[in-house]
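The values are calculated or read from the model by the stated rules, or taken from the named source; none is laboratory data. Since we're looking at a predicted model, the values are computed, not measured. Here the Cβ positions follow ideal geometry from the backbone for every residue, glycine too, while neighbour counts run over all protein chains shown.
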C-alpha cells in the first residue's frame, strides 16, 4: 500500500505493508496487529502512534530506507491480566536518516509485557541519527515486564542515545501532589497523564478528538482495574 497524502491514516485503513512516497509527511494511528512494516521514499517522514492493550503480538518494522527520511515512533502498551508481546524494530539503511523511538508501558496487577525495542544501523551509510527510550511504569505490585533494548550498529557515522527505565508509582512519588491537597487517585491520574501526553501529545494539536478519546480510554481502563 502506497501512502501518498500528507494526512493521518488509521490502522483500520491500511494494509500489513505500507510505503510512504517521496517527500510525503504521514501520520499513522495504530491499535491493531495488522500493520507489520513501513518503508520510506526519499525525504518521506512518519509520525507513528501505537496503543496496545489486547492480549496479542504486535510486531512493527520501520525500515527507514529512503535518503533524508525521518521516522518518529510513539507507542504505549497497557496490560492488566493480559500478556502483550511486542517487537518494535527501527532499521536505518539510508544516509541522512533520522529515527526516534519512544515506548511507554503501563503494567497493572497480573499484567505481563514482553517488549523488544530494536535499532539496527546497516553498513555503508552516513550522517544518521537515532534515539531509543523505553519507560516501564508499574501501577500496582504483581505485574511483570521483560524489556530488551537491542542496538545493532554497523556504521561509525552515527549520533545516538538510548535509555531503559523501570519505576513504580509509589507513595513517595505521589507525596508532593498529595501534600497540595489532591486525593491519591487524582494524583496518580495526573502523573499518568504526563506519560500519555509524552506519547500522544502531538495528536492533541491537530486531532484533539482522537487524543481525548485515547486518553480517556487509557485512564478509564486503569481506574476500572
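Among the residues of the range 131-144, the ones that are in a strand (DSSP E or B), buried (at least 20 other Cβ atoms within 10 Å of the Cβ) and either under 16 Å from the mean Cα position of the chain (by Cα) or in contact (Cβ under 8 Å) with a residue 40 or more places away in the chain (or both) come to 4 in all. Looking across the range 78-114, just one residue is under 11 Å from the mean Cα position of the chain (by Cα), crowded, with 23+ Cβ neighbours inside 10 Å and either more than 18 Å from residue 202 (Cβ to Cβ) or at pLDDT below 95 (or both), and that is 105. One residue is enough: does the range 157-178 have a residue meeting the conditions modelled with pLDDT of 90 or more, more than 19 Å from residue 114 (Cβ to Cβ) and more than 21 Å from the chain's Cα centre (by Cα)? Within the range 157-178, one or more residues are modelled with pLDDT of 90 or more, more than 19 Å from residue 114 (Cβ to Cβ) and more than 21 Å from the chain's Cα centre (by Cα). For the range 13-41, what are the residues that are within 20 Å of residue 207 (Cβ to Cβ), under 18 Å from the mean Cα position of the chain (by Cα) and surrounded by fewer than 14 Cβ atoms within 10 Å (Cβ to Cβ)? None; the set is empty.
Mind listing just one residue for me: the one in the range 65-77 that is under 16 Å from the mean Cα position of the chain (by Cα) and more than 23 Å from residue 137 (Cβ to Cβ) and, of those, surrounded by the most Cβ atoms within 10 Å (Cβ to Cβ)? The selected residue is 71. Scanning the range 42-64 for residues that are more than 18 Å from the chain's Cα centre (by Cα) and surrounded by 19 or more Cβ atoms within 10 Å (Cβ to Cβ) yields one hit, 44. Do we find a residue being more than 24 Å from residue 115 (Cα to Cα), at pLDDT 75 or above, exposed (fewer than 11 other Cβ atoms within 10 Å of the Cβ) and more than 16 Å from the chain's Cα centre (by Cα) anywhere in the range 183-205? For the range 183-205, residues more than 24 Å from residue 115 (Cα to Cα), at pLDDT 75 or above, exposed (fewer than 11 other Cβ atoms within 10 Å of the Cβ) and more than 16 Å from the chain's Cα centre (by Cα): present.
If the condition is being over 15 Å from residue 89 (Cα atoms) and either touching a residue at least 40 places away in the same chain (Cβ under 8 Å) or surrounded by 22 or more Cβ atoms within 10 Å (Cβ to Cβ) (or both), then the range 115-130 contributes only 128.
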